[in-house]
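First comes the structure, then the notes that go with it.
Where a number appears in this text, it was derived from the coordinates with a stated rule and is not lab data. What you see is a predicted model; the values in this text were computed from it and never measured. Every residue, glycine among them, receives a Cβ derived from its backbone with ideal geometry; neighbour counts consider all protein chains shown.
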Amino acid sequence: MQKFIKNTSSILIFLLPLMLHSQTPSWTLKCILETKLQHSSGILTLNQGQSFWTQVDNSSPAELYEIDQNCKILRTVKIMGVTKTDWEDITSDNQGTIYLGDFGNNNNSRQDLKIYILRDLANHLSDSIRPELIQFNYKNQTEFPPVAARRNFDMEAMVWYQDTLHLFSKNRTDPFTGYTYHYKISAVPGTYAVNPTDSFKTGDGPDVFFWITGAAFNPVDTELILLSHDRAWIFTDFKGSDFFGGKNTMISLPSYSQKEGICYAKENTWYLTDEYFSSLRIGGNLYEMKLEPTKNEESDSEIEFKVFPNPAQRFLEILIPKINPDHPDQLILYDALGSILIQTRLDKMRTLIPIEHLVNGIYFIRAYSKKMNRFIVKRILKVE
C-alpha cells in the first residue's frame, strides 16, 4: 500500500465514467425478513410475486422456505439426502421445476459443485422432498485453489433458459480483472465438465461493486439481469443464449447492501433480497423493483460536486455548485475493499466530513442523484 501511495501521490482526483441509464428503477421496501432468513442468497417466484421461495447460504439446515409479501414464512421444506455446503442461487424452468445451486466457492477450492433439481415443489404436499442431482466441474480449473490472479471460480448467479442452466461467475481475482464468465450446463441430471462460453467485463473495481451476486431472467421481454451490491446489468436484443452479444445497460440501485437474490415476477416487476449486516445495520429485507423507461434519456447533464483538499488530512469539504432537484443528494465514502465508512445526505452547498480517524490510504467517494438516477465516483488520498 505504501509503495502504491507514493507512486500515486500526485494524482489528486480520479474520475470514474459517468453512468447513464436507459431505465430507472422504482424501489420499494416490502418487508423485513425473519431472523432465520436474513442470509437469503436467492429468491424465486412461481406465481408472479404472490409468494416466494428462498434459501440461506450459511450453516443452517438444508431447507427451502416459502414466504409471502409480508415476509411471513408459509412453508418450510426439508431437502432430503443432501449435504449443504454453500447454497447460492435458485431458479426455475417454464414447467415450475426448481434448480438450487450449491456452488458457492469463496476460496475457489471446491471440487464438489452441485445443482439440485426439485420437481413440482409448488404442488408437493409433504414437508420434505428428495432432489435429483447435477454434478459438475470447471474444465478450465486445474488448481484448488488457483493462484490469486486466476480465482474466478466462485459462483452465485444462475438462470434457466432454453432447456439449459446458465451460470455467471463471481470474480475474486487479485488484482481484479472485472470479468464474469458465462457457463452452460444441461438441466438434465448427470455429471458434467464445462468451459466458459463467453465473458463480460463489469468494471475495473473496487471488486465488491462489480461482483456478480445474483441473476434473473424475464421470459416475457427476453431480458437477463445480473446483480451486484448497488447496481445491475440488463442484457437485451441477443440471439439465442448469446447474452453478451446484444445490448447491455447498467442501472444503479438506490442503496448499497449485499444483494444476492433477484427474480422476475410480472410486467417490469422484480423482487430482490439482501443479506443482513449487523455491523452496518443494513440488509435482511425483501424489495420490489419496477423498471420503467426514463423520460429524459436524451439528457446529457452531469452530476456536479467538488472535493477539497485532496490529498486530505483531517477533513473533506464537499461543494455542490448549486442546490436544485438534479444535484447529488446521497454520499458514500468507502475504502478500496468496498467497506462503507461514511454515509450521509447532501442537502446543502457545503458539507464537511471528518476523516482524521481514517488510516492513510486511498478512498472513494460516491455521489448519487436519485432524480437523475446517476452517480459519479471520485478517488481521494488520506495522508498525515
Taking R0 as 41 Å and r as the Cβ-Cβ distance between Glu132 and Asp335, the FRET efficiency 1/(1 + (r/R0)^6), rounded to the nearest 0.05, comes to 0.40
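Counting only other residues whose beta carbon sits under 13 Å from that of Ile318, what net charge do I get with K and R as +1, D and E as -1?
+2
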Ratio for the chain, C-alpha Rg to 2.2 N^0.38 Å, reads 1.02
Between the residues Thr273, Pro206, Ser40, the Cα farthest towards the positive end of the dipole of the chain, that dipole coming from +1 and -1 charges on the beta-carbon of Lys, Arg, Asp and Glu, is from Pro206
Of all trypsin sites (Lys or Arg not before Pro) in segment 75-136, the ones in DSSP coil with at most 16 other Cβ atoms within 10 Å are Arg119
Projected onto the charge dipole of segment 23-293 (unit charges on the beta-carbon of Lys, Arg, Asp and Glu, signs +1, +1, -1, -1), the Cα from Cys31, Thr54, Thr177 with the largest positive-side position is that of Thr177
Low-density loop trypsin sites (Lys or Arg not before Pro), segment 166-267, at most 16 other Cβ within 10 Å, DSSP non-H/G/I/E/B, are Lys239
Taking 0.36 nm per residue of separation between Ala122 and Thr236 and subtracting their Cα-Cα distance, the length gained on full extension comes to 38.1 nm
Length gained if Glu292 through Thr351 is fully extended, taking 0.36 nm per residue and subtracting the Cα-Cα distance, is 18.0 nm
For the chain, the dipole about the Cα centre with charges only on Cβ (Lys and Arg +1, Asp and Glu -1), to the nearest 20 debye, works out at 940 debye
Between the modelled labels at Ser278 and Lys72 (7 Å from Cα along Cα→Cβ) the distance in nm is 2.8 nm
Free-by-geometry Cys in the chain, Cβ-Cβ under 4.7 Å as pairing rule, reported as Cys263
Semi-axes (Å, rounded, descending) of the ellipsoid equivalent to segment 50-161 per its C-alpha gyration tensor are 28, 14, 13
